[in-house]
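Novice: Got a structure here, written out as structure tokens. Questions coming.
The values are calculated or read from the model by the stated rules, or taken from the named source; none is laboratory data. The structure presented is a predicted model; accordingly, all values stated were derived computationally and were not measured. Please note: Cβ atoms are built from the backbone with ideal geometry, for glycine as well, and neighbour counts cover all protein chains shown. To get the accessible areas, we keep the full protein, side chains included, count just its heavy atoms, and leave off ligands, DNA and RNA. Shrake-Rupley method; radii C 1.70, N 1.55, O 1.52, S 1.80 Å.
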Amino acid sequence: MSEETNIVPETTENGTVAAQPAKMEFKLISPKEDGFLRVIKWNKEELEAAVKQKIVSYENIVYTENNMKQAKADRAELNKLTKAIEERRKMVKRIINEPYDTFEAELKEVLSLIRKPVDIIDRQVKAFENQQKEEKKESIHRFYDEIIGDLTDVLPFEKVFDNRYLNQTYKLAEAQADLKKKIEKVHTDLETIDSLESKFKLNVKDVYVKTLDISKALAENKRLSELEEKLEAERRQKAEEEARKKHLEEERQRAAEERAKVLEIQRKARQKDVKNQESENITRPVENNIPDKKEITSSNQENLQIPVYETKEVIQNTEQACRISETSSVSEQKKEKKYRTKFCVTGTKKQLEKLIQFMNETGIDYGKVN
């Protein structure tokens, strides 16, 4: 089963053969390899047939309250058979395993003796292999120092070194070639980044140094460029919106100032007209050609022209007319003279009719405004 240890017989000084050391060989004495129990025979066919015949009667059976006692008896019978089979199985397993358990324990005693020197040898072998790996790593590091140039900060040795280089199947020359290829690629990628006409070179180079992936670095340059374009577009849009709002505000202010100027001019013109009317009405006596109030009938009352002003203006004109009327009344009482005043009123048709009725009843002469 295993190779025998070759031992040369030794002789003593008197010419007798020395006792030979025991051979380190495992031999199976009893039973032989072909003498182990291979099949455990039992009445499988007979028992299986009996069980199948028995369980047929249980396939469609329905137990009721009347035959529940029979159900329990059937269950006990089947459980008893199951228990008997399990007990026999465990017994066979125990009988078969007894010699194996003894055999396994004896083998473990011998194996424990073997493992002690194996551990001692293994430690020495691993120490030797580790020393070889360290020497190989130092050789790779020296080669790195020779070719790295000005990329020491960008590409430190730990970042470019691969632990696979230390495997026995990885030759030193192959490791050096792979290392050189990586450094040359970094040189090329950095030249590509330096050739970019971009204000984000430093950001792009930073991403490359962290990842050593030129595609990710270029993607970062694209992302930053698009972000800047978006922000610039938003700034332009905001500036245009603010300029538009400012222009509209200026236009609104100019329009308000123009309206104020026009209203001021109109106000001054109306004040001037009112002053002229007051001066003319107060100083000019009533002439004899005033039309008779009877000549103004209800048919031509609608022809009266009623100019409409803003509410504030109507109130001002009405107050001025009333002051003139009061002055005329006092004058008539003292001098019995009549004066003419012109004024306009604003109201509904019914209100104007009542006003005319009032003037008729109080003896006030009135007529059309010329």
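Novice: Tell me whether segment 160-178 contains one or more residues that are among the acidic types (Asp, Glu), out of contact with any strand residue (DSSP E or B) (no Cβ under 6 Å at 6 or more places or on another chain), open to solvent by 70 Å² or more (accessible area, probe 1.4 Å) and on the phi < 0 side of the Ramachandran plot.
Specialist: Yes, there is a match, as at least one residue in segment 160-178 is among the acidic types (Asp, Glu), out of contact with any strand residue (DSSP E or B) (no Cβ under 6 Å at 6 or more places or on another chain), open to solvent by 70 Å² or more (accessible area, probe 1.4 Å) and on the phi < 0 side of the Ramachandran plot.
Novice: Here's another thing I want to ask about it. Search segment 136-163 for residues that are more than 13 Å from Lys180 (Cβ to Cβ) and among the hydrophobic types (A, V, I, L, M, F, W, C) and pair each with any residue that is assigned to a helix (DSSP H, G or I) and open to solvent by 80 Å² or more (accessible area, probe 1.4 Å) when their beta-carbon atoms are under 9 Å apart and the residues are at least 6 apart or on different chains.
Specialist: Phe157/Asp145
Novice: Looking at the structure I just gave you, is Leu37 out of contact with any helix residue (DSSP H, G or I) (no Cβ under 6 Å at 6 or more places or on another chain), open to solvent by less than 70 Å² (accessible area, probe 1.4 Å), modelled with pLDDT under 90 and not acidic (Asp, Glu)?
Specialist: no
Novice: Got at least one residue in segment 127-141 being among the β-branched types (Val, Ile, Thr), under 52 Å from the mean Cα position of the chain (by Cα), assigned to a helix (DSSP H, G or I) and over 26 Å from Leu218 (Cβ atoms)?
Specialist: Yes.
Novice: Further, regarding this structure: Where residues in segment 211-239 are under 20 Å from Glu184 (Cβ atoms) and over 22 Å from the mean Cα position of the chain (by Cα), which of them is least open to solvent (accessible area, probe 1.4 Å)?
Specialist: Ala217
Novice: Now for a different question. For segment 40-54, which residues satisfy the criterion of being loosely packed, with under 10 Cβ neighbours inside 10 Å and outside any loop (DSSP other than H, G, I, E, B)?
Specialist: Lys44, Glu45, Glu46, Lys52, Gln53, listed by residue number.
Novice: Could you please let me know if Asn60 is on the phi < 0 side of the Ramachandran plot, out of contact with any helix residue (DSSP H, G or I) (no Cβ under 6 Å at 6 or more places or on another chain), open to solvent by 90 Å² or more (accessible area, probe 1.4 Å) and outside any helix (DSSP H, G or I)?
Specialist: Yes; evaluated as a whole, the condition is true for this residue.
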